[in-house]
1. Obtain the radius of gyration and the Kirkwood radius of the stretch 23-73 from its C-alpha atoms and give Rg over Rh.
2. Which net charge results for the neighbourhood of residue 61, defined as the other residues with beta-carbon distances under 15 angstrom from its beta-carbon, given Lys and Arg at +1 and Asp and Glu at -1?
3. Mind listing the phi-derived Karplus ³J(HN,Hα) values for the stretch 50-61, rounded to whole Hz, using 6.51, -1.76 and 1.60 with θ = phi - 60°, and x for any glycine or proline?
4. In angstroms, what radius of gyration and Dmax does the stretch 1-44 have, counting Cα atoms only?
5. Label residue 23 and residue 117 with points 7 Å out from Cα along Cα→Cβ: what is the distance between them in nm?
6. Per-residue HN-Hα couplings for the stretch 4-11, Karplus 6.51 cos²θ - 1.76 cosθ + 1.60 at θ = phi - 60°, whole Hz, x for Gly and Pro?
7. Which value results for Rg/Rh of the chain when Rg is the Cα radius of gyration and Rh the Kirkwood radius based on the inverse mean 1/r?
8. Among residues other than residue 29 whose Cβ falls under 13 Å from its Cβ, what is the net charge (Lys/Arg +1, Asp/Glu -1)?
Amino acid sequence: VSGEAKQIFNEGRLLEMQGNSFAAERIYARLTKISPRFIYGWSNLGNTQVILGKLDSADEAYTNSINLCVSDPDTGGKLLGAKPCDDLYILYLNRGSLRLNNGQYAAALSDLELADQYRG
């Protein structure tokens with residue numbers, strides 16, 4: 001993953017901390033185009049989309065991050081020198097909470113059970 005991607009990710013995080021979810025969403029969307037296999041680009045995009053009420057888009061973003069984490073857990077946090085994707089339970093928890101809020105009870109229950117399983 002390029003240094004540019006790392007810079008973009010950090011810019012998105014800073015915008016989130018400043019409460020600028022609109023700008024952070026644009027940054028994370030750009031990041032997912034530049035580094036489409038970066039799990040945390042997708043999960044942070046989903047987080048900002050939840051804040052903005054874009055729940056269907058957030059579900060897609062969380063699903064992309066889950067699929068990447070499951071298919072190649074070693075790619076997880078390499079961008080920032082973090083551990084491999086060991087946050088699968090959080091990804092399932094986020095998507096499960098979103099689905100529960102959206103009235104998708106069966107899908108939410110499945111995600112929340114998986115979150116519990118991976119949390120250990």
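What follows draws every value from the coordinates through simple rules; no lab data is involved. As the structure is a prediction and not an experimental result, all values here were calculated from the model. Neighbour counts are summed over all protein chains in view; Cβ atoms, including those assigned to glycine, are modelled from backbone coordinates with ideal geometry.
1. 0.96
2. 0
3. For the stretch 50-61, the Karplus-derived couplings read 4, 4, 7, x, 8, 5, 5, 5, 5, 4, 4, 5 Hz, x marking Gly and Pro.
4. Reported Rg and Dmax, both Å: 9.3, 27.
5. 4.2
6. After applying 6.51 cos²θ - 1.76 cosθ + 1.60, I find 4, 5, 4, 5, 5, 4, 5, 5 Hz.
7. Answer for the chain: 0.97.
8. That sum, taken over residues with Cβ under 13 Å, equals +1.
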